[in-house]
Amino acid sequence: MLDDIVRRELSQDEMTEINIEELVKYNLILKKSEIMMDSEIKKEELRILSDLAESLFELRLSKFLEGKEAKGFDEYIFDIIKMIKQYYIELFTGKYFINYNKIYCKALKSTIINNYKVDEGDIVLLPMREALPLIIARYLTPYKIDIEEQ
């Protein structure tokens, strides 16, 4: 079944729509088949399925990076990739206030960061590695420099 999804993705220029029902059905088939197999067959099947899943992801990612619209249950994954891409571009175009490996961010929601309470609107300075997951989760937004006004 996964090979059918990969084949369908390969056959089209646009990203295909993979719906959640396909994933659920596929997972049910996998669970049922695991009961009947010995461990060596399971290991080999898992290796093949992992390779297919990786190929599907790489195919969809390459289409997404070429500007194709993400469709299907996994669209949220590509939304996250879009955020990371935008962060990366703005980091290298000087739009953020950075201090060596740290970045200034504004809190969008109250939260706790490194055992400190941060309220909405607070400005924090965090290592970029720690800030990015919080930016993706929409707890923070990088503090931007408006280059166009300069």
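Most tightly packed first, judged by the mean number of other beta-carbon atoms within 10 Å of their residues, the peptides 57-63, 22-28, 136-142 read 136-142, 57-63, 22-28. Computed from Cα atoms, the angle from the helix 39-65 axis to the main principal axis of the chain rounds to 50 degrees.
Any idea what the dipole of the chain comes to, in debye rounded to 20, about its Cα centre with Lys/Arg Cβ at +1 and Asp/Glu Cβ at -1? Don't skip to the end; give the middle numbers.
Working: 22 positive and 29 negative charges, 113 e Å.
The calculation lands at about 540 debye.
For the range 1-86, the Stokes-Einstein estimate of translational diffusion at 20 °C and a viscosity of 1.002 mPa s comes to 151 µm²/s, using the Kirkwood hydrodynamic radius over alpha-carbon pairs.
May I ask you to compute the full-extension gain from TYR76 to ASP38, defined as 0.36 nm times their residue separation minus their alpha-carbon distance, rounded to one decimal in nm?
10.1 nm
With the charge dipole of the chain set up from +1 on Lys and Arg Cβ and -1 on Asp and Glu Cβ about the Cα centre, the Cα lying farthest toward the positive end among the listed residues ALA70, LEU140, TYR26 is that of LEU140. Rounded to the nearest 20 debye, the dipole magnitude of the range 1-68 is 160 debye, with +1 charges on Lys and Arg beta carbons, -1 on Asp and Glu beta carbons, and the Cα centre as origin. Positive-end ranking of GLN86, PHE57, LEU10 along the dipole of the chain, with charges on Cβ about the Cα centre, is headed by GLN86. Taking LYS43, LYS68, LYS85 in turn, the Gaussian network model of the chain (Cα-Cα springs below 10 Å) assigns the largest fluctuation to LYS43.
A simple spin-label model places pseudo-atoms 7 Å from Cα toward Cβ; at ASN19 and LEU52 they are separated by 2.0 nm. For ILE103, nonlocal amide neighbours, meaning residues 5 or more places apart or on other chains whose placed amide H falls under 5 Å from its own, are LEU126, MET128. Candidate cross-link partners of LYS109 among the aspartates and glutamates, defined by an alpha-carbon separation under 18 Å and a same-chain spacing of 8 or more, comprise ASP119, GLU120, ASP122, GLU130. For the listed residue pairs LYS63/LYS106; LYS71/LYS144; LYS82/LYS106, the alpha carbons are over 23 angstrom apart in LYS63/LYS106; LYS71/LYS144. Taking amide H as placed 1.01 Å from N in the peptide plane, the amide H of ILE113 sits under 5 Å from that of VAL118, each at least 5 places away or on another chain.
Shape class of the range 96-149 from the Cα gyration tensor (axes a ≥ b ≥ c, square roots of the eigenvalues): prolate, since a/c reaches 1.5 or more and a/b is larger than b/c. Match the structure shown to one of the listed values (i) 35, 34, 25; (ii) 58, 28, 22; (iii) 61, 38, 26 of Cα extents along the principal axes in Å, computed from it, and give that label. Read-out taken from this structure: (iii).
Every number in this text was worked out from the coordinates using simple rules, so none of it is lab data. Worth saying up front: this structure is predicted, and the values here are computed from it rather than measured. Every residue, glycine as well, gets a Cβ built from its backbone with ideal geometry; the counts of neighbours run over all protein chains shown.
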